[in-house]
Amino acid sequence: MKVYGHPGSTCTRKVLTTLAERNHEAEFVLVDITKGDQKSPQYIQKHPFGVVPYLEDDGFTMYESRAIIRYLDAKLPGRKLTPSDAPSIGRMEQWISIEQSYFTPNCMAIVMEMVFKGMMGGGQPDMDKVNKGRDGSARALDVADRALATQGYLAGDNFSLADISWMPYLQYLSLTPFGTLITERPHVKAWWQRVSTRPSWKKVNV
Ligand SMILES: N[C@@H](CCC(=O)N[C@@H](CS)C(=O)NCC(=O)O)C(=O)O
């Protein structure tokens, strides 16, 4: 099995965290997105949208991080990161969808302006974008805080793919002054402490 990606990429980190949780080793193929390798003709032949990650598994290939983590969890033997009862599966999928639809676009607006823009020499952050991202992130995190008041993880009592789908974005958010969006919500704060100290996350978040 080969994972094509970049260690700093949020979407690659979801895949690597899933592999680490499932104790499965895959060969890592670096696609250096800081140098534009993801737009090379050779890579576009694999991934027609020119982004990471991309998976090769014994002749089967696929892309899209949230689809890849579901595939890996279904395929690999051992304890699953997907619950087995229908309501919990529904809950897990709901939280992955909330992440993709309402949280990540807002969180990444902050991270792009406050972390990546500076790293790429792009100048001062656009505070209109940051403030809009802050408000949108706060709304999603308020909803998460209410859910996490009565359960340990997003899908219920067990760590699942839903938690993995949120973690890479929260990690980058925690590096900005808007990390307070996490720490000022007691249940999100406690959950983040729980999930970010897992060995899988420590292995991936280097
Ligand atoms: N929906 C895709 C998004 C992939 C994506 O945007 N990857 C980013 C890194 S996290 C990337 O390759 N960025 C480089 C670029 O946009 O050229 C997924 O979930 O895999």
Somewhere in the range 31-51, is a residue more than 16 Å from the ligand (Cβ to nearest atom) and among the charged types (D, E, K, R)?
no
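Residue-by-condition table, conditions (1) within 16 Å of the ligand (Cβ to nearest atom); (2) in a helix (DSSP H, G or I); (3) among the hydrophobic types (A, V, I, L, M, F, W, C); (4) in the same structural domain as LEU19 (by TED's automatic domain parsing):
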{"position": "MET62", "(1), (2), (3), (4)": "yes, no, yes, yes"}
{"position": "MET92", "(1), (2), (3), (4)": "no, yes, yes, no"}
{"position": "THR104", "(1), (2), (3), (4)": "yes, yes, no, no"}
{"position": "PHE116", "(1), (2), (3), (4)": "yes, yes, yes, no"}
{"position": "GLY121", "(1), (2), (3), (4)": "no, no, no, no"}
{"position": "PRO125", "(1), (2), (3), (4)": "no, no, no, no"}
{"position": "LYS129", "(1), (2), (3), (4)": "no, yes, no, no"}
{"position": "GLY133", "(1), (2), (3), (4)": "no, yes, no, no"}
Counting only residues that are surrounded by 11 or more Cβ atoms within 10 Å (Cβ to Cβ) and outside any helix (DSSP H, G or I), which one in the range 64-78 is nearest to the ligand (Cβ to nearest atom)?
GLU64
Looking at ASP163, ASP157, ASP135, which one is under 30 Å from ARG79 (Cα atoms), surrounded by fewer than 20 Cβ atoms within 10 Å (Cβ to Cβ) and not aromatic (Phe, Trp, Tyr)?
ASP157
Could you count how many residues in the range 86-117 are touching a strand residue (DSSP E or B) at 6+ places or on another chain (Cβ under 9 Å) and without any contact (Cβ under 8 Å) to a residue 12 or more places away in the chain?
1
When the range 1-30 is examined, which residues are found to be surrounded by fewer than 23 Cβ atoms within 10 Å (Cβ to Cβ), within 10 Å of the ligand (Cβ to nearest atom) and β-branched (Val, Ile, Thr)?
THR10
Find all pairs meeting these conditions: Cβ atoms under 6 angstrom apart; at least six residues apart or on different chains; first residue within the range 53-71 and small (Gly, Ala, Ser); second residue near the ligand (Cβ under 7 Å from one of its atoms).
SER65/CYS11; SER65/PRO53
Give just the number: which of (1) surrounded by 12 or more Cβ atoms within 10 Å (Cβ to Cβ); (2) within 28 Å of ILE68 (Cα to Cα) does ARG185 not satisfy?
(2)
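The values are calculated or read from the model by the stated rules, or taken from the named source; none is laboratory data. Note that the structure is predicted; figures quoted are calculated from it, not measured. Glycine gets a Cβ as well: all are built from the backbone with ideal geometry, and neighbour counts include every protein chain shown.
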